[in-house]
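K.L.:
Structure below; questions to follow.
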Amino acid sequence: MPSPTTKTHEDRELKATKNAKNDHPSGDKRFKVLDITMKRNQNRPDALIEVLHKAQEAFGYLEEDVLIYVARGLKLPLSKVYGVATFYHLFSLKPSGAHTCVVCLGTACYVKGGGALMEALDQYAHIKAGETTADGKMSLMTARCIGACGLAPAAVYDGKVAGKQTPESVIEGVKDWLT
Ligand code: FES
């Protein structure tokens, strides 16, 4: 079936987003995952929970920036998106640490040693997934695929994606935060 000929502003925006080199001003490719999920659901507001699920899988938690992006994409008030994100226990909002390290444990990263990255961080910072150090300096989160499988295993340091990580490099990545 051909798609409707009338292009809404939203359609154009989506197309522009799709064609743009980077999907989000930050250049973070994980927003593309959200675009695809929203588009697959024709940007329907009732896809909110599914989109938030995807967002949490891709980012490890739901930061304000992500909630705003979802609210815009689904044309929902931010308050509604916040309401849903805080109501369901399966969603975590931005962790409380001053810095956040997200380790990808999606299939590609897991088979290439994502688990060893978590172990190294656990031993170094004495925290497990979802926890924040006692001094509040760092939170450790996991994600299920951050869209950088070619660079597996990957981790994200305060929003910056880094590929080909090793137990040594993850410690290097968080060391300065904890001193
Ligand atoms: S599985 Fe880690 S980036 Fe895809």
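K.L.:
Give the residue, chosen from PRO153, PRO95, that is farther than 19 Å from LEU34 by Cα and either within 16 Å of the ligand (Cβ to nearest atom) or of a type in the set (Val, Ile, Thr) (or both). Working first, answer last.
P.N.:
Numbers: PRO95 fails: either within 16 Å of the ligand (Cβ to nearest atom) or of a type in the set (Val, Ile, Thr) (or both).
Going through PRO153, PRO95 in turn, the sole match is PRO153.
K.L.:
So, in the range 122-147, of the ones that are of a type in the set (Lys, Arg) and more than 16 Å from the ligand (Cβ to nearest atom), which residue ends up nearest to the chain's Cα centre (by Cα)?
P.N.:
Residues of the range 122-147 of a type in the set (Lys, Arg): 128, 137, 144.
Filter once more, keeping what is more than 16 Å from the ligand (Cβ to nearest atom): 128, 137.
Values: LYS128: 18, LYS137: 20 Å.
So the residue we want is LYS128.
K.L.:
List, please: which pairs have Cβ atoms under 7 Å, are six or more places apart or on different chains, and start with a residue in the range 23-44 that is closer than 20 Å to CYS149 by Cβ and end with one that is part of a helix (DSSP H, G or I) and basic (Lys, Arg)?
P.N.:
Once the first residue is closer than 20 Å to CYS149 by Cβ and sits in the range 23-44, its partners that are part of a helix (DSSP H, G or I) and basic (Lys, Arg) give ASP23/LYS32; VAL33/LYS54; LEU34/LYS54; ASP35/LYS18; THR37/LYS54.
We did not get these values from a lab; they are worked out from the coordinates using the rules stated. Just so it is clear, the structure is predicted and the values come from calculations on it, not from any experiment. As a convention, Cβ positions derive from the backbone with ideal geometry for all residues, glycine included, and neighbour counts pool all protein chains shown.
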